[in-house]
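What follows is a short report on a single structure.
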């Protein structure tokens, strides 16, 4: 089995770089080789205290911000390309993570860093109000990215009361409304130029803005998007169009985007529609939990990693896992535990967070690796191969913070 | 009545005590089926489940190089065995089979054709599950009456793994449910339930140890009911319960603290 895996890695490396330049890049550092070998031999890192893992993740994110040297956060560290350019979309949603960490540790330097991120986002905001797509400074605008940066700006406004953040968020939201289809979806300025159900995560920031401005138009637009999303739900709580493309099964990463958007938007709903949303999310979260918990060789062993993608029957044949999606799914489960009081969600979240933590190196000499989280496990998995992402690292930090507050709350209630 | 005991280990004190109790009640089992995996597979499973550190510790404990963590825990099974005049409660199942002239079948997999054929050819009425793994359709339908299992939780509310811990977590009464095994996870017809009283100073480990004794008592009671055709089978309503999974150690610690 190990020989087969080794042959597979060689094939993958050959595929991604048919010339020796790429091979050299991957192997040039012993730290890269160490990760490849430990994933090959399934040797996990030791799991430390949550605070250590959280601190390491936050330090990695700070490093990624410092390396970008503009206020934005580098998209990640790739074995092939090294540190990557700053990523407008993910810098946007990293802002709330920094604000929360600052509160947790009573450390204002994280607020200062978050303000720098927000200011950089304003600096590069397109004249239309939209946020630029992709990593680096590109000229095209993307719906999803715009929503994620609004999340950052609104949270900064709530924290600092600085009007420039609210103004930027309003301008961006007005652009979103101006390009929204009548039925609530977005079909232009989208990834691959197709509508996505994970745009429920764009409805959420619009609702946050509605709360700050009291402008009904944001709420109406968000509700239209949510209803359009709900119209794609199947009997088994599967949603069509959850993926980046229509011809591939969606990653747990975009499935979690969809579910998170629905959960957060449900806060602004009432009565029947709130119940419909939460019932669907609970059903979907339970399906994923069952898929995860039953993926093991013996009844009493810990589950194997959650597969990276799931199909419309909530099944998968994947032999790799999307660590980004795993951390996001943990957040969904933690939130569903709070809503439903079904502790199986909390239990599954604790286990999956342990697995993501076990993939995090706290002692690598390579600063692109130390504290960061890769897109895939093993590192050569199809999702963002050989890359440590700022967003997977952010979601691990978020999941640990939520896990700790949930556990604390539960312990207090039990005492 | 033809009874067979299934075990997943040659050393299974729970199965040993159960066999002697059945003998005392004139229900000597016809056969002991031991579906024990090879030592290499067991080591591999242990490494996968518990990691290298715990495995090494366990090996040290096995060879008495290191102290066992639960050495101070009360051994309810031993007390029960000695109280019931069962001095051989801790000997291997193969030795019991020789001593008591019970057939002994060593197989790699409980669902193998060999095991299924054996059950059918010997016209076995009941298989008592004292460990054996997950039973597949062919094995489940092989005995004339069925497979009996003692489940460490209240059915249909708590199905699956670590149900004792889950019951405690939710502040539910704890106990053992005797039920038939069907193709689902703990979804077969219920025969009996017995509550486990919780005393001051208990832990998950002591309650688990206590429940083994209750398992045996319920099993004997159930066999008697079936033998006398006095049993009442209660169909489970699946929607009244949930399937639970292995509990994370942080939640287990919380449960232990609350005891």
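Where a number appears in this text, it was derived from the coordinates with a stated rule and is not lab data. Source: prediction; values computed, not measured. Counting neighbours? That spans all protein chains shown, and the Cβs are built from the backbone with ideal geometry, glycine included.
Summary of computed values
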| read-out | value |
| --- | --- |
| Approximate spin-label separation residue B:113-residue A:247, in nm, with each point projected 7 Å along Cα-to-Cβ | 4.5 |
| Mean separation of Cα contacts under 8 Å, 6 or more apart, over the residue count of chain B: relative contact order % | 20 |
| Area projected by the alpha carbon convex hull of chain B, averaged over all directions, nm² | 14.2 |
| By average C-beta atoms within 10 angstrom, highest first, the peptides A:237-249, A:217-229 | A:217-229, A:237-249 |
| Virtual paramagnetic centre 7 Å along Cα→Cβ of residue B:242, amide N under 13 Å, in the stretch A:287-320 | A:287, A:289-290 |
| Shielding by other protein chains, B:241-254, mean Cβ within 10 Å | 5 |
| Sum of -39500 (n - 2.57) over DSSP H runs of 4+, divided by residues of chain B (222 nm, nearest 500) | -12500 deg cm²/dmol |
| Net length gained if the chain between residue A:382 and residue A:214 were fully extended (0.36 nm per residue, minus Cα distance) | 56.2 nm |
| Estimated inter-spin distance, residue A:49 and residue B:106, nm [label 7 Å along Cα→Cβ] | 5.0 |
| Partner chain coverage, peptide A:340-351 - average Cβ within 10 angstrom | 4 |
| Computed Kirkwood radius, in angstrom, where 1/r is averaged over Cα pairs of the stretch B:100-243 | 16.2 |
| Peptides A:189-202, A:269-282 ordered by average Cβ neighbours within 10 Å, highest first | A:189-202, A:269-282 |
| Residues A:340, B:121, sorted so that the one with the fewest Cβ neighbours within 10 Å comes first | B:121, A:340 |
| Shielding by other protein chains, A:302-309, mean Cβ within 10 Å | 1 |
| Diffusion constant of the stretch A:248-296 at 25 °C, which comes from Stokes-Einstein with the Kirkwood Cα-pair radius and 0.890 mPa s, µm²/s | 209 |
| Against the rule of thumb 2.2 N^0.38 Å, how large the Cα Rg of the stretch A:90-199 comes out | 1.09 |
| Ranking of A:153, A:120 by count of other Cβ atoms within 10 Å, fewest first | A:120, A:153 |
| Angstrom value of the Kirkwood radius, inverse mean 1/r, which spans all Cα pairs in the protein assembly as shown | 27.7 |
| Taking the stretch A:2-414 and dividing mean pair separation by its residue count, relative contact order in percent (alpha carbons under 8 Å, at least six apart) | 17 |
| Dimensionless Rg ratio for the stretch A:56-143, taking C-alpha atoms and the 2.2 N^0.38 Å reference | 1.08 |
| Among A:173-181, A:344-352, A:325-333, the order from most to least packed when residues are scored by Cβ within 10 Å on average | A:325-333, A:344-352, A:173-181 |
| Residue with peak Gaussian network fluctuation, chain B [Cα springs, cutoff 10 Å], from B:232, B:206, B:55 | B:55 |
| Nitroxide proxy distance, nm - points 7 Å out along Cα→Cβ at residue B:79 and residue B:94 | 3.3 |
| The stretch B:111-259: relative contact order as a whole-number percent, Cα under 8 Å and 6+ apart | 24 |
| Over chain A: helical MRE at 222 nm, DSSP H runs n ≥ 4 each giving -39500 (n - 2.57), nearest 500 | -20000 deg cm²/dmol |
